[in-house]
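Step one of this worksheet: look at the structure below.
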Amino acid sequence: MYEMNDKKEQRTTPLLIKNATFITSAARAEQFITPQKPMIAVCGKSNVGKSSFINMLANRKKLAKTSSEPGRTRLVNYFDFGEFILADLPGYGFARVSKTEKEKWAKTLDAFFKNKDQIAHVFMLADSRHDPTADDVQMIEFLHYHTLPFTVVLTKADKLSKMKLKEHIKAIAADLYLGEKNLLATSAETGYGKADVLQKIKEVIEFSNAPQTDFEDEDDAPGEDEEVE
Ligand SMILES: Nc1nc2c(ncn2[C@@H]2O[C@H](COP(=O)(O)OP(=O)(O)OP(=O)(O)O)[C@@H](O)[C@H]2O)c(=O)[nH]1
Ligand SMILES: [Mg+2]
């Protein structure tokens, strides 16, 4: 009962995004930034709609550069959203690039996710129209392996009928061994699903800013096996 009321309360005060700005691009790990506010990473295969998703959240058409030509975002692009930072990551799984280039991307992504403490959440984008690719599955395994908290965001929902979208959400969730609630369907074209994403971000920020229980201190506190002088 309480939980329901809490949810309702949160829903009535949505996260407001006023003025999102571009911070910087990083091509290499040494250029990664260490922001003082919660950072959310946006990842997914090339052309899935990462930059468009960021623009949708920012209410701006050209904050993040979008392109119909896959593989355009080759850098980590950071955006300041006021209460949080968004990092637009280079897309993976683009066939038409050289092996060296692919390895470079893999290295960048790897290095980025190694800074685990810096990442409050990951939005892993996948196309709502298709089955997850082998790369998508690998990315999710990677997130699991590094115990990074993530939500799967399905893009381009406007391309499907409501019925089909529902079917796809179910199928994709099953494919990824996730509950349907771990998936948020969106459309950068129509703004569908934006409120759900903002709600998720709000929860992430609140969790990040909440004082964390310091278990180490508890261990350090005098226990049964320790003598107090
Ligand atoms: N219909 C529709 N098209 C979309 C949507 N989101 C993105 N697109 C289109 O998909 C193409 C790729 O979008 P981007 O946002 O550039 O994709 P990206 O994931 O940033 O791509 P890379 O940076 O190259 O990895 C563009 O032509 C967008 O207009 C959506 O929600 N609906
Ligand atoms: Mg992009």
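Residues of the range 158-217 that are in a loop (DSSP other than H, G, I, E, B) and of a type outside the set (Ser, Thr, Tyr): Leu160, Leu176, Leu178, Gly179, Ala188, Glu189, Gly191, Gly193, Ala210, Pro211, Gln212, Asp214.
Within the range 20-34, restricting attention to residues that are in a loop (DSSP other than H, G, I, E, B) and modelled with pLDDT under 90, the residue that is farthest from Ala111 (Cα to Cα) is Ala27. When you look at Thr147, is it outside any helix (DSSP H, G or I), at pLDDT below 95 and more than 16 Å from ligand 2 (Cβ to nearest atom), yes or no? Spelling it out, Thr147 is indeed outside any helix (DSSP H, G or I), at pLDDT below 95 and more than 16 Å from ligand 2 (Cβ to nearest atom).
Among the residues that make up the range 105-126, is at least one of them closer than 19 Å to Tyr92 by Cβ, hydroxyl-bearing (Ser, Thr, Tyr), within 14 Å of ligand 1 (Cβ to nearest atom) and in a helix (DSSP H, G or I)? Yes, because at least one residue in the range 105-126 is closer than 19 Å to Tyr92 by Cβ, hydroxyl-bearing (Ser, Thr, Tyr), within 14 Å of ligand 1 (Cβ to nearest atom) and in a helix (DSSP H, G or I).
How about the range 32-48: which of its residues are more than 12 Å from ligand 2 (Cβ to nearest atom) and within 14 Å of Asp88 (Cα to Cα)? Hits for the range 32-48 are Phe32, Ile33, Met39, Ile40, Ala41.
Ser51 satisfies every condition listed in (1) surrounded by fewer than 22 Cβ atoms within 10 Å (Cβ to Cβ); (2) in a helix (DSSP H, G or I); (3) within 16 Å of ligand 2 (Cβ to nearest atom) except (1).
Does Lys37 satisfy being of a type in the set (Lys, Arg) and at pLDDT 90 or above? For Lys37, the condition - of a type in the set (Lys, Arg) and at pLDDT 90 or above - is met. Residues considered: Ile17, Ile40, Ile54. Of these, the only one that is away from ligand 1 (no atom under 13 Å from the Cβ), hydrophobic (A, V, I, L, M, F, W, C) and touching a strand residue (DSSP E or B) at 6+ places or on another chain (Cβ under 9 Å) is Ile40. Go through Asp135, Asp110 for me and flag whichever is of a type in the set (Asp, Glu) and loosely packed, with under 14 Cβ neighbours inside 10 Å. The match here is Asp110. If you go through the range 54-74 and keep only what is over 20 Å from Val204 (Cα atoms), of a type outside the set (Ser, Thr, Tyr), surrounded by 15 or more Cβ atoms within 10 Å (Cβ to Cβ) and near ligand 2 (Cβ under 10 Å from one of its atoms), you end up with Ala64, Pro70, Gly71, Arg72, Arg74.
With respect to the conditions (1) out of contact with any helix residue (DSSP H, G or I) (no Cβ under 6 Å at 6 or more places or on another chain); (2) more than 16 Å from ligand 2 (Cβ to nearest atom); (3) outside any loop (DSSP other than H, G, I, E, B), Gly82 falls short on a single one, namely (3).
The values are calculated or read from the model by the stated rules, or taken from the named source; none is laboratory data. None of the values given here were measured: they were computed from a predicted structure. Cβ sites come from the backbone with ideal geometry, for glycine too, and all protein chains shown count toward neighbours.
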